[in-house]
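Heads up: the structure comes next, in structure tokens.
The values are calculated or read from the model by the stated rules, or taken from the named source; none is laboratory data. It should be emphasised that the depicted structure is a prediction, and the values quoted were computed from it without experimental measurement. Ideal geometry is used to build each Cβ from the backbone, glycine not excepted, and the neighbour counts take in all protein chains shown.
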């Protein structure tokens, strides 16, 4: 069994929002509604029936972050890595950070290698490949010296939507981003001094219950020639041999997807997600029990 678990990734590995379950749901929804300025009603997954606007989402994030002290539980407590560490009676080192991009996650992993031993275990969660981290910049509210493209102070910049569109045309297209992701995880596997479990909370690359056509679905979604039918897209895509090969590679590298436990969580009467879309503590707990423990 590992002596310490190192956890890398973005907000889904961090346990973001999961402390909401420390409160009575009806009371919590009332307080959250007051903070956001609308009545929040949840669907069966646990997210608002009427999606937040950007302004409402920012208000909710401020509210849920302010609930940490009242809950008495840090969101990390219900992260899958912390849950796994308690199951194995070992320490954990939380290196995941909300908003992280894959290049930032990779850099953090490299920084932590000297602290690892052969008896450690790494949980390496990847983010969506669209995110980018720009180093050597400073955001006062963030404890690291970089800025990530998904942060609201970046996406609010005039012309950002046009930049994203042009970046897909003349920068890294969807196929390039898939290859970058493969490069990141294979590099981690080759230099990690201990066992590593690769986790994809977004189901873009891991084998999974509902959308097993990876990474085809991701490439199709971001293609400049999107097709409604995956079968049609596979016939028109110019590099099918590459994606068929990568599909086999990804499915052998990644742990099976979190969606494996969705039906069991709802059958138990719990929500799959938290209000702002992250997975609930019930989803993380079931995933650790059913999938991660079997991988060790």
- residue 91 passes all but one of the listed conditions (1) in contact (Cβ under 8 Å) with a residue 12 or more places away in the chain; (2) crowded, with 16+ Cβ neighbours inside 10 Å; (3) more than 16 Å from residue 271 (Cβ to Cβ); the exception is number (2)
- Going by the structure shown, is residue 40 surrounded by 18 or more Cβ atoms within 10 Å (Cβ to Cβ), farther than 30 Å from residue 3 by Cβ and at pLDDT 95 or above? yes
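The rows are residues; the columns are (1) assigned to a helix (DSSP H, G or I); (2) touching a helix residue (DSSP H, G or I) at 6+ places or on another chain (Cβ under 7 Å).
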position	(1), (2)
38	no, yes
57	yes, no
60	yes, yes
73	no, yes
87	yes, yes
98	no, yes
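Only one of these is surrounded by 13 or more Cβ atoms within 10 Å (Cβ to Cβ) and free of Cβ contacts under 8 Å to residues at least 60 places away in the same chain: 203, 231. Name it. Even if it seems obvious, please write down each step before you answer.
Values: 231 fails: surrounded by 13 or more Cβ atoms within 10 Å (Cβ to Cβ).
Result of the check over 203, 231: 203.
Limited to the range 118-136, what total is found for residues that are exposed (fewer than 11 other Cβ atoms within 10 Å of the Cβ) and either within 27 Å of residue 222 (Cβ to Cβ) or at pLDDT 80 or above (or both)?
Of the residues in the range 118-136, 1 are exposed (fewer than 11 other Cβ atoms within 10 Å of the Cβ) and either within 27 Å of residue 222 (Cβ to Cβ) or at pLDDT 80 or above (or both).
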- Within the range 185-199, tally of residues that are touching a helix residue (DSSP H, G or I) at 6+ places or on another chain (Cβ under 8 Å) and assigned to a helix (DSSP H, G or I): 6
- Task: Please give the number of the condition residue 275 fails out of (1) part of a helix (DSSP H, G or I); (2) in contact with a helix residue (DSSP H, G or I) (Cβ under 8 Å, 6 or more places away or on another chain); (3) in contact (Cβ under 8 Å) with a residue 60 or more places away in the chain.
- Result: (1)
- Tell me, which residue of the range 251-272 that is surrounded by fewer than 22 Cβ atoms within 10 Å (Cβ to Cβ) and touching a strand residue (DSSP E or B) at 6+ places or on another chain (Cβ under 6 Å) is farthest from residue 31 (Cα to Cα)? 253
- Task: Pull up the range 241-259, narrow it to residues that are without any contact (Cβ under 8 Å) to a residue 60 or more places away in the chain, assigned to a helix (DSSP H, G or I) and out of contact with any helix residue (DSSP H, G or I) (no Cβ under 6 Å at 6 or more places or on another chain), then point me to the one that is nearest to residue 296 (Cα to Cα).
- Result: 252
- Restricted to the range 53-62 and to residues being surrounded by 11 or more Cβ atoms within 10 Å (Cβ to Cβ) and touching a residue at least 60 places away in the same chain (Cβ under 8 Å), the residue farthest from residue 265 (Cα to Cα) is 58
- State whether the residues of the range 288-296 include one that is under 16 Å from residue 18 (Cα atoms) and touching a residue at least 60 places away in the same chain (Cβ under 8 Å). yes
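Could you please find all residues in the range 273-285 being more than 14 Å from the chain's Cα centre (by Cα) and surrounded by 22 or more Cβ atoms within 10 Å (Cβ to Cβ)?
The answer is 275, 281, 282.
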